[in-house]
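Some notes on the structure that comes next.
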Amino acid sequence: MKSQFADVFNHDEDAPGYDTDVLNESHPIRAGYDAVLDWVSDKSAWTYGMILDLGAGTGNLSSRLKNFKRLVCVDISHNMLNIARRKLADLNNVEYVKADLLAYFFDHPPVFDAIVSTYAIHHLTEDEKHILFEKIRQSLHPGGSAIFGDLMFADEAAKQHLIQKFQSEGHLDVIADFDDEFFWFVDKAIDALTKLGFTTETRQFSDLSWGIVARKL
Ligand SMILES: C[S@@+](CC[C@H](N)C(=O)[O-])C[C@H]1O[C@@H](n2cnc3c(N)ncnc32)[C@H](O)[C@@H]1O
């Protein structure tokens, strides 16, 4: 099963400017980027095992992961992965897989100690996120964890509040992104992850950037 909009959100064309774009944290979509990546890498630092980076892009999160036996970077974008390959050239035991991040789990992947992902899963629909959570649960060792950093709303009321806020600030491009992409709802994600047996922890970094840890017992 491939996610519905994988080809739409393939970042091949954005690849050359991506690492410059993410430095602009004055934009609401980028605010908190650096702190989120640090937090996700810190939360995975307990393991010295197998780590999967979902939607690894140009390798900005992977470059902060130092303790692993093997790291698998999955992304649909050939150009983003090529930049990651260059940036991570001095890291050993890294595998690059060009694949849809949902389809990857239907292809008998190995089992991981930690699965990390930043700013990629908001390209999956709400239903696809829930299928992904189930696949992640199956692909984690007991005691393993999934650590996500992404664009999220606390709940529907928070989304409506942010629409008003960004309207009054003139950030109409951000509101357009709310319609074009699938920002997480923290309340729905926690509910789904809890039903799958994960224990969870959340942290908010900016209006739109959040982190979630899901630990498998
Ligand atoms: C906003 S970038 C985030 C990259 C990186 N994780 C970071 O934090 O900078 C989103 C990445 O997800 C990839 N992507 C989007 N949809 C995807 C999908 N369905 N399957 C695999 N990768 C996908 C894009 O190609 C892009 O590299």
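All of the numbers you see were taken from the coordinates with simple rules; none came from a lab. These figures come from a predicted structure and were not determined experimentally. Backbone-built Cβ (ideal geometry, glycine too); neighbour counts: all protein chains shown.
Quick notes on this structure:
- DSSP-assigned coil residues among chymotrypsin sites (Phe, Trp or Tyr not before Pro) in segment 5-39, each with at most 14 further Cβ atoms within 10 Å: none
- For the chain, DSSP calls about 40 percent of its internal beta bridges antiparallel.
- Gaussian network model of the chain, springs between alpha carbon atoms under 10 Å - residue of D207, D100, D187 with greatest fluctuation: D187
- Taking a straight line from the alpha carbon of K195, these lysines sit under 27 Å away, with near neighbours fewer than eight places off in the same chain left out: K2, K43, K129, K135, K159, K216.
- Segment 89-217 - share of DSSP beta bridges that are antiparallel (%, nearest 5): 65
- Principal axis extents of the Cα atoms in segment 143-193, from largest to smallest and rounded to whole angstrom, are 45, 18, 16.
- Within the chain, longest stretch free of exposed trypsin sites (Lys or Arg not before Pro) [DSSP loop, at most 16 other beta carbons within 10 Å]: 70-217
- Dividing the helix sum by the residues of the chain, where each DSSP H run of 4 or more adds -39500 (n - 2.57), gives a mean residue ellipticity at 222 nm of -10000 deg cm²/dmol.
- Cα centroids of segment 83-161 and segment 1-78: 9 Å apart.
- The dipole here belongs to segment 72-137: it is taken about the Cα centre, uses +1 on the Cβ of Lys and Arg and -1 on the Cβ of Asp and Glu, and is about 280 debye.
- Considering only G143, L88, Q167, and ranking their Cα positions along the charge dipole of the chain that arises from unit charges at the beta-carbon of Lys, Arg, Asp and Glu, the one farthest toward the positive end is G143.
- Comparing V36, S63, L52 along the charge dipole axis of segment 14-68, the residue lying farthest to the positive side is L52, per the Cβ-charge model.
- Largest-first ellipsoid semi-axes for the chain, taking √(5λ) over the Cα gyration tensor eigenvalues, angstrom: 25, 21, 16
- Build a GNM of the chain with springs between Cα atoms under 10 Å apart, and of I115, I76, I163 the one that fluctuates most is I163.
- Within straight-line cross-link reach of K87, lysines at Cα separation under 19 Å, skipping those fewer than 8 residues along the same chain: K66, K69, K98
- Among S206, S44, S62: highest mean-square fluctuation, GNM of the chain, C-alpha pairs under 10 Å: S206
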